[in-house]
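Undergrad: Right, I'll just put the structure down here and ask away after.
Please treat every number below as a calculation from the coordinates, not as lab data. Predicted, not measured: the structure shown is a model, and the values here were computed from it. Here the Cβ positions follow ideal geometry from the backbone for every residue, glycine too, while neighbour counts run over all protein chains shown.
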Amino acid sequence: MFEIAISEAEFSAADVSGVEIGAWSQHSAALQNALAQRGVVCLHLARALEDEELQSLVRLFGPIKDPVGRTKDGGEFRYSEPRQVIDSGFVMTDEVREKLGDLNFGGLDDDRPGLFETFHCDDTYTERPAQATVLHARALPPSGGGPTCFIDMRAAYTLLDTATKDRLRDLRVVYAYNNEDAFPPRRAARGPGEALVDVTHPLVRTHPVTDSPALFIDLDRARHLDGLPIAEGRALLQELQDHAEKNALAWEHHWADHDVLVWDNASVQHKAAGNFKLGEPRRFWRYMVEGDQPR
Ligand SMILES: O=C(O)CCC(=O)C(=O)O
Ligand SMILES: [Fe+2]
């Protein structure tokens, strides 16, 4: 029987079981509500989905995002395909290294370029970042490990003192695809997405469904704070990120075969854990759900 279970924990995914594949359209409102309230939803499935099936599941949460953005010269640039393959276990070879040249996705692991091990939210370098991201497990490390880790950025905001909250009101973060001044330990991300326009988003974001405030920061792509001296803005961003990682509620998803995990980029940050053996597979299909301009 279809069931959405909410654990006692203050922060963890809404756990969805008893899902009859393809017969899910009547659960759209309940799933959207669970995502807005909890920030993460996990659907446990009996088998891997065909692409069409996964698309229909993603659409229960909203339209699938076509990753095309506006460029500085007034054109359009496709920075990804609608369905992405996250191959986080892929081990770099010298041959591929040579082919990629200057291209860098910003990961920390020299051997596994698809492994994103710093807390971030997705798609922040675009004007209307994806509201949600959906991962469907295709191959998991046979010897275990490799959870996806989350922190609750609503709690990160709530825990700030009143003076800090006042200071953050109306501040905006400047983002760019190519981030030469990456915040350590992050590496500079480089790629053709540099054609995209630079964007700014509010540092404190109001959730489009629940209206609750959250810190909205992505140090993988953030440059500085709009209108503040660069060094001052960057120090504040780092301080807020450190605060979130230290104090906000945290939870990790330990993957089972065929899981579909959905997270709300307005409420949580996420990262991959690299604690699985080099050479083991860890692969997902990924779709993004369209979002409005953050407010
Ligand atoms: O590999 C993971 O656990 C997270 C991947 C990720 O950051 C993403 O798909 O946006
Ligand atoms: Fe991500």
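Undergrad: Can you tell me which of 13-19, 28-34 comes out highest on packing, and rank the rest after it, using the mean Cβ neighbours within 10 Å?
TA: Sorting 13-19, 28-34 by mean packing, highest first, produces 13-19, 28-34.
Undergrad: Using all Cα-Cα distances in the range 96-230, what percent lands in each 10 angstrom bin from 0 up to the longest?
TA: 10, 35, 35, 15, 4, 0
Undergrad: Going by average Cβ density within 10 Å per residue, which order do the peptides 248-256, 71-79, 149-157 take, highest to lowest?
TA: Ranked by mean Cβ neighbours within 10 Å, highest first: 149-157, 248-256, 71-79.
Undergrad: Relative contact order for the range 3-289 using alpha-carbon pairs under 8 Å, separation at least 6, rounded to a whole percent?
TA: 32 percent
Undergrad: What shape does the range 24-84 have by the C-alpha gyration tensor, where a ≥ b ≥ c are the square roots of the eigenvalues, rounded means a/c under 1.5, and otherwise prolate means a/b greater than b/c and oblate the rest? Don't jump to the answer; show the numbers that get you there.
TA: Details: a/c = 2.89, a/b = 1.82, b/c = 1.59.
Cα axes put the range 24-84 in the prolate bin.
Undergrad: Can you tell me the Rg and the Dmax, both Å, for the Cα atoms in the range 3-289?
TA: Over the range 3-289's Cα set, Rg and Dmax evaluate to 18.6, 54 Å.
Undergrad: Put a dot 7 Å past each Cα toward the Cβ at Ala9 and Lys165; how far apart are the dots in nm?
TA: For the pair Lys165/Ala9, the computed spacing is 2.6 nm.
Undergrad: For the chain, what does the helix formula give at 222 nm: sum of -39500 (n - 2.57) over DSSP H segments with n ≥ 4, over the residue count, nearest 500 deg cm²/dmol?
TA: So the helix-based figure for the chain works out to -5500 deg cm²/dmol.
Undergrad: State the percent of C-alpha pairs, over all pairs in the range 153-205, separated by a distance greater than 12 angstrom.
TA: 73 percent
Undergrad: Let's see if you can work this out: charge +1 on each Lys and Arg Cβ, -1 on each Asp and Glu Cβ, no other charges. What is the dipole magnitude of the range 114-183 about its Cα centre, in debye to the nearest 20?
TA: 240 debye
Undergrad: Enumerate the calculated ³J(HN,Hα) couplings along the range 58-73 in order (Karplus 6.51 cos²θ - 1.76 cosθ + 1.60, θ = phi - 60°), each rounded to whole Hz, writing x wherever the residue is Gly or Pro.
TA: Karplus-based 3J(HN,Hα) across the range 58-73 equals 4, 5, 4, 8, x, x, 5, 7, 8, x, 10, x, 7, 9, 4, 8 Hz.
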